[in-house]
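The values are calculated or read from the model by the stated rules, or taken from the named source; none is laboratory data. None of these values were measured; they are calculated from a predicted model. All Cβ positions, even for glycine, are placed from backbone atoms using ideal geometry, and neighbour counts span all protein chains on display. Just so you know, the surface numbers come from the protein's heavy atoms only, side chains and all, with ligands and any DNA or RNA stripped out. Shrake-Rupley method; radii C 1.70, N 1.55, O 1.52, S 1.80 Å.
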Amino acid sequence: EARVRRAAASRLYDTAVLGDLLRTDPDPDVRAEALRQLVGIAAETADEDVAGTVARQLAEAGRIKELTIVARESAHAGVKAVVVDALSDGRALGAVSRHATDGHTRLRALRRLSDPEELCAVALKSEHTDVEVAALDRLIDPAAVAAVAQRARNKVAMRKARARTVITDGAAGKP
C-alpha cells in the first residue's frame, strides 16, 4: 500500500533503496518522500561518499534542480564539490556558478561549463566578481563580449569587457 511505503520512505536512510523508490515507485507521493529524504541526506551529510551516492541517485532520476540546490547551499565544501562534479546540465552549472555561496564552488562549476550562451549569462548576471570575470575571460564571441561591456551587473567585468572590445576593435582597424 502506498501509505505504508511513504511512511517507510520517510524513515529510510539507505540511499540505494531511496533511489530505487524515487525511480520506480508507481505512487507520486512515495517518490516525493524518497526525493525529500535523499535531498535531506545530501544537504546534511559531511561524508563525500554519501553525497556522491545521493548525487548519482538524483542525477539518474533526472532531479537536476535538487542537485543544484544542494551544490549551492550545502555547508560542506567537499559535498559541494562532489555534487558539482555530478552535474552535466549547462543551465544547472550556470546557476551554481552564479549563485553558490562560496567562490570555490562557483569557480568549480564555471570550469565545467562549456555552453557559450550559459557562459555569457554568467558573465552578464553574476553578482560575484570572481566568476563574472572568469566567465568573461572564456568568452570568444565578440558580440557576447560587447553585451557584457554594455549590460554586465559587475562593474569590474564591464570595464574589462570594454577594454577588450576596444583592443579587438583597434586590431580590426575599426575607428
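General observations
- Cβ-Cβ under 6 Å pairs, at least 6 apart or on other chains, the stretch 72-88 side under 14 Å from Leu107 (Cα atoms), far side outside any helix (DSSP H, G or I) and among the hydrophobic types (A, V, I, L, M, F, W, C): Arg72/Ala100
This table checks each residue for (1) out of contact with any Leu (no Cβ under 9 Å at 6 or more places or on another chain); (2) open to solvent by less than 40 Å² (accessible area, probe 1.4 Å); (3) not in a helix (DSSP H, G or I).
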{"site": "Val17", "(1), (2), (3)": "yes, no, no"}
{"site": "Leu22", "(1), (2), (3)": "no, yes, no"}
{"site": "Glu33", "(1), (2), (3)": "no, yes, no"}
{"site": "Gln37", "(1), (2), (3)": "no, yes, no"}
{"site": "Asp49", "(1), (2), (3)": "yes, no, no"}
{"site": "Gln57", "(1), (2), (3)": "no, yes, no"}
{"site": "Thr68", "(1), (2), (3)": "no, yes, no"}
{"site": "Lys80", "(1), (2), (3)": "yes, yes, no"}
{"site": "Leu93", "(1), (2), (3)": "no, yes, no"}
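- Yes/no for Ala75 being under 11 Å from the mean Cα position of the chain (by Cα), closer than 26 Å to Lys125 by Cα and not basic (Lys, Arg): no
- Every pair of residues 6+ apart whose Cβ atoms lie under 9 Å, when the first sits in the stretch 44-66 and is within 11 Å of Gly19 (Cα to Cα) while the second is not in a helix (DSSP H, G or I): Val54/Thr45; Ala55/Leu87; Gln57/Arg63; Ala59/Leu87; Ala59/Ser88
- Unique residue being within 25 Å of the chain's Cα centre (by Cα), open to solvent by 10 Å² or more (accessible area, probe 1.4 Å) and of a type in the set (S, T, N, Q) when the list is Thr165, Thr129: Thr129
- Total residues in the stretch 134-144, condition over 11 Å from Pro116 (Cα atoms) and crowded, with 20+ Cβ neighbours inside 10 Å: 1
- Close contacts from the stretch 1-18, counting a first residue that is over 14 Å from Val39 (Cα atoms) and a second that is open to solvent by 50 Å² or more (accessible area, probe 1.4 Å) and at pLDDT 90 or above, with Cβ to Cβ under 6 Å and a gap of 6+ residues or different chains, come to Arg6/Asp29.
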